[in-house]
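Enquirer: Dropping the structure in here first, questions after.
The values are calculated or read from the model by the stated rules, or taken from the named source; none is laboratory data. On a predicted model such as this, the values are computed, not experimentally measured, just so you know. Using ideal geometry, Cβ is built from the backbone for each residue, glycine included, and neighbour counts are taken over all protein chains shown.
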Amino acid sequence: MASPFPGMDPYLEADLWQEFHQTLATSIRASLLGELPRHYVALLSKYYVVQPTIDVPQLRVEIRDVAQRRLVTVIALLSRANKIGQGWHEYQDKRKDLLQSDVHLIEIDLLREGEPLTFGPSHPEFQYYISLTRAQVEGSRTIWPLRLPERLPAIPVPLLEPDPDVVLDLQAAFTASFDLVGYERLIDYDAPPPAPAFSPAGMQWIDALLKVRGVRG
């Protein structure tokens, strides 16, 4: 069974997120490998976020040109480890370095917990955010604010000039990840979604959706 939600599934935001984070990063990489010209490659890069008791591994997708192995575009998939506490500050330092370089940066924030990826005041109407900052182009940041009922967008992925952007269909990558593992077998859709709490209207929408999809009594 596929996820009952049309876009992001909020039930993945709790204990399953670290595992799903890695599955989705791998799916994004696979999708890009099918779209990129032959003189580019998409690689998985692991780094660690320091937490009080453990170091948490994080994956990001890096697009590099084949000839010089030059880093062209970074796709960062945010997690609790880089949205809360010291991890947030560490992520901001890494982010600042990328924004001051000639690397394009795509940030995917599918977690409601922690600091929102809005670069300004968040809006309660939106739960998730995706951002694209093109390298060395003033005012180039594009933000996709997303509501829970919306599908995840297909977004442009910039390369080196004069090569045109390729397209990353995030919903297709999400669905492929969810279906590959069968995460619905690990989720109790009769329980409330993980914190932070949705608004009363949001909870009504979730309850009605799960009943229509036959996963809640």
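Enquirer: Pull out all pairs, ordered by first then second residue, where Cβ-Cβ is under 7 Å, the residues are six or more apart or on different chains, the first lies in region 27-49 and is under 18 Å from residue 173 (Cβ atoms), and the second is part of a loop (DSSP other than H, G, I, E, B).
Expert: Partner pairs satisfying both residue conditions: 40/66; 40/159; 41/66; 42/36.
Enquirer: Scan region 1-25 residue by residue and report those that are over 18 Å from residue 207 (Cβ atoms), assigned to a loop (DSSP other than H, G, I, E, B) and not aliphatic (A, V, I, L, M).
Expert: Within region 1-25, 15 is the sole residue that qualifies.
Enquirer: Return the total of residues in region 181-205 being loosely packed, with under 12 Cβ neighbours inside 10 Å and not in a loop (DSSP other than H, G, I, E, B).
Expert: Residues in region 181-205 being loosely packed, with under 12 Cβ neighbours inside 10 Å and not in a loop (DSSP other than H, G, I, E, B): 4 in total.
Enquirer: Right, another one. Are there any pairs, at least 6 apart or on different chains, whose C-beta atoms fall under 9 Å, with the first in region 206-217 and part of a helix (DSSP H, G or I) and the second of a type in the set (S, T, N, Q), and if so, which?
Expert: Between residues of region 206-217 that are part of a helix (DSSP H, G or I) and residues that are of a type in the set (S, T, N, Q), there is no close pair.
Enquirer: Just name the residue that is nearest to residue 205 (Cα to Cα) out of those in region 83-133 that are of a type in the set (S, T, N, Q) and either modelled with pLDDT of 85 or more or touching a Ser or Thr at 6+ places or on another chain (Cβ under 6 Å) (or both).
Expert: Within region 83-133, the subset of a type in the set (S, T, N, Q) is 86, 92, 100-101, 118, 122, 127, 131, 133.
Right, trim to either modelled with pLDDT of 85 or more or touching a Ser or Thr at 6+ places or on another chain (Cβ under 6 Å) (or both) and you get 92, 100-101, 127, 131, 133.
Numbers: 92: 34, 100: 42, 101: 43, 127: 14, 131: 26, 133: 33 Å.
So the residue we want is 127.
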